[in-house]
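The values are calculated or read from the model by the stated rules, or taken from the named source; none is laboratory data. Here the structure is a predicted model, which means the values were calculated and not measured. Please note: Cβ atoms are built from the backbone with ideal geometry, for glycine as well, and neighbour counts cover all protein chains shown.
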Amino acid sequence: MISKPDQISSRLRLIFFLGIGAAILLTVYYLRTVLGPFFLAVVIAYILDPVVRKMETWKIHRDFSIVVILLGSFLLAILILVNLIPFLLDEIQGLIRNFPTYLENLRKLLVSWTGMRSDTDLYGVVQTGMNYLQEKLKIDTAKVIQPLPGIVAKILSNTIALFTWILSLLIVPLFSFILLHDMKKIKTSVVSYFPPDYRESWVSFLKEIDQVLSGFIHGQLTVCTILAVCYTLGYLVIGIDYALLVGIFSGYAFIVPYIGSITGAALALILSLTTFGFDYHLVLVAGWLILVQIVESYFITPRVVGKKVGLTVIEVILAVLVSGKIFGFLGVIIAVPLAASFKVVLKKLFAAYKNSRMYHAVEQKK
């Protein structure tokens, strides 16, 4: 028979840990803007730590490895920002400018394909929808994309924004270096705070979350890069407009499973349809999409990611909607790893509850 003080003690301990967790989450949420550079540094350190550990196995000093990897990463980021980003911005601006033309071509194709007359209700619905999209596009174009010089001028005109931007540039690599340098100490310190009786289970729990996160971050980014290259090469050969932009978007949109893939595929098919009409280009684009998806599902992801994140389609969609509502665009990107980690937490909580005295006490009463 379980004594009443033991039951109260277990409940108080559970309430205490849940309260601590809730307080941490609330603090992070309200300070998310200030903590942005630190979170970015944590992500960078988490992504680069396996590379540093791999270099250590080659008998290269950890500090030297960190400096080389950080410098290489930031130089690569600068090269991408200087060379690729301006080109993609021009592509986006061109796509936005020509999008009303693509919509008009799509309307004409729908009319000719379905045989709709201008006096029918369905034609009115299609026309209203096209007009709405064009109007929204005109309103939101300035908000969606701005010329790079305009952004720079806006930053320079605001002293506080400029200071914050420069400080962030300095803080992120500094924090990344410190985290990478002290990663082993940080892990050991975190583990030492767990009670000895529960330490083994907590370490196992954290390793399970680490497997989910590393499988998604390291594996998924690699898969996205491979897909971006495949899509871009295929679209360039087929000859659709904005092949580089659509290919890169389609590849990296896969970071949000299902939703990203569908969005990228729809964009490629619409551009092909509105540019060439119903001809072999549309068949080639559809065929290339299917081929790349088959290769990704059966060859790329199983070998690169290994174990799946473990989320169903409904769970992914709900995670994207909720996380996007709370954290905006960043929330959409981090929705899947957050949801996968939360699912691991829930499984552990339910397992702990079923093994707890509270659960068995309820069973005994029955």
Please state which one of V229, V223 is modelled with pLDDT of 80 or more, at negative phi, surrounded by 14 or more Cβ atoms within 10 Å (Cβ to Cβ) and in the same structural domain as A253 (by TED's automatic domain parsing). V223
Cβ-Cβ under 7 Å, sequence separation 6+ or interchain: first residue in the range 184-209 and assigned by TED's automatic domain parsing to the domain that holds S341 and part of a helix (DSSP H, G or I), partner surrounded by 10 or more Cβ atoms within 10 Å (Cβ to Cβ) and among the polar types (S, T, N, Q). Which pairs? I209/S341
What pairs come up if the first residue lies in the range 68-81 and is assigned to a helix (DSSP H, G or I), the second is β-branched (V, I, T), and their beta carbons are under 6 Å apart, counting only those six or more places apart or on different chains? I69/V51
Can you find a residue in the range 303-324 that is closer than 22 Å to Q211 by Cα, among the hydroxyl-bearing types (S, T, Y) and at pLDDT below 75? yes
All-but-one check, L71 against (1) at pLDDT 75 or above; (2) of a type in the set (A, V, I, L, M, F, W, C); (3) surrounded by 14 or more Cβ atoms within 10 Å (Cβ to Cβ), failing number (3)
For residues that are touching a Leu at 6+ places or on another chain (Cβ under 7 Å) and hydroxyl-bearing (S, T, Y), scanning just the range 232-249, find the one that is modelled with the highest pLDDT. T232
